[in-house]
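Readers should treat all values here as calculations from the given coordinates under stated rules, not as data from a laboratory. Note that the structure is predicted; figures quoted are calculated from it, not measured. Positions of Cβ are generated from backbone atoms using ideal geometry, with glycine treated the same way; all protein chains shown enter the neighbour counts.
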Protein chains: 2
Amino acid sequence: MIRHVVMFRWNEDVTDDEVSATGRALDALPALVPSIREYRHGGDMGVNSGNFDYVVVADFDDVDGYLAYRDHPDHQALIAAHITGRVADRAAVQYGVA
Amino acid sequence: MIRHVVMFRWNEDVTDDEVSATGRALDALPALVPSIREYRHGGDMGVNSGNFDYVVVADFDDVDGYLAYRDHPDHQALIAAHITGRVADRAAVQYGVA
C-alpha cells in the first residue's frame, strides 16, 4: 500500500469558513477519484505548539493509484480553488506501508 | 480516533544505516506503548521532489492515548537516541478522525 501524507500551514488571512469549505471539498474527493482507498483529513487539534494547521492522509493500492489521484482533474481543481495562494508552508511524504 | 502525524528532514550527515536503525527502533515501539493502535512509518519513496524524508503516522483511541505515547519513556528515549540532533526540519499535526 502507498500512503500519501501532506500538511499545510495556512496564510494568516485564511478564515475558518474557508478551511471548512476546504474540508467539505476534500470529503467529496473519494467519490470522484476511484483509486483512493482511505482518505482522512483534518485540522490540528491544538495539543502541541508549533504544529502545522491541516493534514491529509490518503491510502492507495500502489504508486499508479497515487499518481492517478495526484494528477486527477478534480484533485487539481480542488488545489487551485482551496490550496494555491492560501498556503504559507507545505510538507509531504509518500511511503510504502505493509 | 486521534491520529498523530510527524515528518522529518534529516540533516545531510545522517546515513542510511542510521535511518534503518531508526526504523527498527520505531518498529519496536508499539510493543512498548500500549495505547498505540496503528503505527505506520517509513521513508519518502522519491516520487515527488521537495518532500520531507520520513513520516510517522500513529493512531490512538483518544487524546489521552496520544499523550501517553508522546510522554512515554521509551518514546522519549527513541527521540533522544534517533531524532534529536539529526533533524533539520520537523512538521507535525494531531487530528481527530472518524
Worksheet item: So what is the calculated 222 nm ellipticity per residue for chain B, using -39500 (n - 2.57) for each DSSP H run with n of 4 or more, over all residues, to the nearest 500 deg cm²/dmol?
Response: -9500 deg cm²/dmol
Discussion item. With an 8 Å Cα cut-off and a minimum separation of 6 or more residues, compute the relative contact order for region B:20-61 in percent.
Written reply: 38
Worksheet item: Using only the Cα atoms of the protein assembly as shown, what do you get for the radius of gyration and for Dmax, in Å?
Response: 16.5, 46
Discussion item. Give the average, rounded to an integer, of partner chain Cβ atoms located within 10 angstrom of each Cβ in A:53-60.
Written reply: 3
Discussion item. Quick check for you: which residues of region B:45-74 have the amide N under 14 Å from the point 7 Å beyond the Cα of B:ALA80 toward its beta carbon?
Written reply: B:71-74
Worksheet, complete the sentence: Per residue, the convex hull enclosing the alpha carbons of region A:48-98 has a volume in Å³ of 97
Worksheet item: Hey, for A:GLY96 with labels 7 Å out along Cα-Cβ, what do the inter-copy distances come to in nm, ordered shortest first?
Response: 3.7
Item to complete: Report P(r) for region A:25-76: all Cα-Cα distances, bin width 10 Å, range 0 to the bin holding the largest distance, values in whole percent.
Response: 23, 47, 22, 8
Practice prompt. Would you kindly work out, in nm and rounded to one decimal, the distances from the label point of A:ALA31 to those of the same position in each other copy, ordered shortest first, with label points 7 Å along Cα-to-Cβ?
Written response: 4.5
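All other residues with a Cβ under 12 Å from the Cβ of B:ASP44 taken together, and with Lys, Arg as +1 and Asp, Glu as -1, what is their net charge?
+1
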Worksheet item: Expressed as a whole number of Å, what is the distance separating the alpha-carbon centroids of region B:32-98 and region A:1-41?
Response: 20
Worksheet, complete the sentence: Note, region B:23-40: 3J(HN,Hα) by Karplus (6.51, -1.76, 1.60, θ = phi - 60°), whole Hz, Gly/Pro = x, goes x, 5, 5, 5, 4, 7, 5, x, 6, 9, 10, x, 7, 5, 9, 9, 8, 10
Practice prompt. Would you work out which of B:GLY43, B:LEU29, B:GLN94 lies farthest towards the positive end of the dipole of chain B? Charges go on Cβ: Lys and Arg +1, Asp and Glu -1.
Written response: B:GLN94
Worksheet item: For A:2-9, what's the mean count of beta carbons from other chains sitting within 10 Å of each residue's beta carbon?
Response: 5
Worksheet item: Relative to the other copies, what are the label-point distances for B:ASP17, with labels 7 Å from Cα along the C-beta vector, expressed in nm at one decimal and sorted shortest first?
Response: 5.9
Worksheet item: What percent do you get for the relative contact order of chain A when only Cα pairs under 8 Å and 6+ apart count?
Response: 50
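Grab the eigenvalues of the alpha-carbon gyration tensor for region B:2-96, scale each by 5, take roots, and send me the semi-axes largest first in whole angstrom.
Each semi-axis is the square root of five times an eigenvalue, giving 22, 15, 11 Å.
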